[in-house]
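Take a look at the structure below.
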Amino acid sequence: MKRFAHRLASLPLLMVLTLATASWASEIHLQVGGSDRRALVVNAPPAGVRRPAVLVLHGGASSADEQRRRTGFDEVASREGFIVVYPEGTPWGRGRHAWNTGYLQRRQVGQADDIGFLDALIDTLIERHGADPARIYMTGGSNGGMMTLVYAAKRAHRLAAVAPVVGAMFSFEDRPSRPLPVLLINGAADAEVPIEGGMSRNPMVRSAQAAPFKSHEQTVDFWIEVNRSEATPRVEVQGTLTTRTWAAQPGGAVTVSIVDAVGGHGWPGTYSGRPGNTPIQGLRGADRIWLFLREHQRR
């Protein structure tokens, strides 16, 4: 055990290994904007091998470790053969972290350069961890879903597809440089990020908002236009889930919306400790998201 501890302590900072709940994770530390930024990497390939990489962003009061525990992405990555990465936002007390979307939790995140951090992280994954540059994907829940949408709007050329969960956009000012396949997952009973847009019905979230959320339908319309998707969707209803798919036209990309009629706020398939809030139960988030992401690669 002492020999193992000595070897662990002697590893470079970029490749500190930590034992996690199910498998080993590499811990990346990057200096961005004068801050030490962190991410966990699971299921990286051996040298000389390239794999798809899925970046999974946590919510606004969570962490990389908590997102790893809750989402079940480790299991899917091991089974399906992709790298899963858990970046971490800016700390703001008692193990909580948030992302700088420009419009939420401004006091907590300050001027954090999360675009720069995610740029540097993707570069590091490609250069040092075997990520395939044509198959870099991003997803996230709540504030992480919002950051996914912000990054997608600013850096569409770096991604192959995105799947924001129980998130929303604040502005349509930034327009993606290219069509980007997108899967939007929201719950119709979400009081924290209401599907109809506007201000959160959760007083704590509302007090941290600098602008109202765009509605789910406005966000869908934005991506249909950006992606040059077909005007009429294919609609599938399964239990409480309604899936609408606007297929890609030539030179465009697909836009998909999944809405759970009774789903609240949280990662799909998990449970909330808050009375009156039940996250989406009609699907398991990691499985459904990977089913969508794996169909796409960056041209």
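Any read-out appearing in this document is the output of simple, stated calculations on the displayed coordinates, not a laboratory observation. Please read these numbers as outputs of a predicted model, since none were measured by experiment. No Cβ is skipped: glycine too gets one built from the backbone with ideal geometry, and neighbour counts run over all protein chains shown.
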(message) Please give the charge dipole size of the chain, origin at the Cα centre, charges +1 on K and R Cβ atoms and -1 on D and E Cβ atoms. Round to the nearest 20 debye.
(response) 620
(request) Identify which of Val256, Val56, Val85 has the largest mean-square fluctuation in a Gaussian network model of the chain, with springs joining Cα atoms closer than 10 Å. (result) Val256
(request) Could you give me the percent of Cα pairs per 10 Å distance bin for segment 101-166, shortest bin first, beginning at zero and ending with the bin that holds the maximum distance? (result) 21, 51, 25, 4
(message) Using only DSSP helix segments of four residues or longer, with each worth -39500 (n - 2.57), what per-residue ellipticity at 222 nm results for the chain after dividing by its residue count and rounding to 500?
(response) -7500 deg cm²/dmol
(request) In a Gaussian network model over the chain where Cα atoms closer than 10 Å are linked, find which of Ala25, Ala163, Ala211 has the largest mean-square fluctuation. (result) Ala211
(message) Looking only at the chain, where both bridge partners belong to it, what percent of the DSSP beta bridges are antiparallel (to the nearest 5)?
(response) 60
(request) Work out from phi, with θ = phi - 60° and the Karplus expression 6.51 cos²θ - 1.76 cosθ + 1.60, the ³J(HN,Hα) of each residue of segment 39-45, listed in order in whole Hz, and give x for Gly and Pro. (result) 8, 9, 10, 10, 6, 5, x
(request) Taking the Cβ of Ser257 as the centre, find all other residues whose Cβ is under 9 Å away and add up their charges (Lys, Arg: +1; Asp, Glu: -1). (result) 0
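Sorted by packing (mean other beta-carbon atoms within 10 Å per residue), highest first, where do 118-126, 275-283 land?
Details: 118-126: 19.7, 275-283: 17.8.
Ranking, from highest mean packing down: 118-126, 275-283.
Report, please, the projected area of segment 35-78 averaged over directions, based on the convex hull of its C-alpha atoms, in nm². Intermediate values should be presented prior to the final figure.
Numbers: hull surface 16.5 nm².
If I average the Cα hull's projected area over directions, I get 4.1 nm².
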(request) Could you tell me which of rounded, prolate or oblate describes segment 168-299, using a ≥ b ≥ c as the square roots of the eigenvalues of the alpha-carbon gyration tensor, with rounded for a/c under 1.5 and, failing that, prolate when a/b is larger than b/c and oblate otherwise? (result) oblate
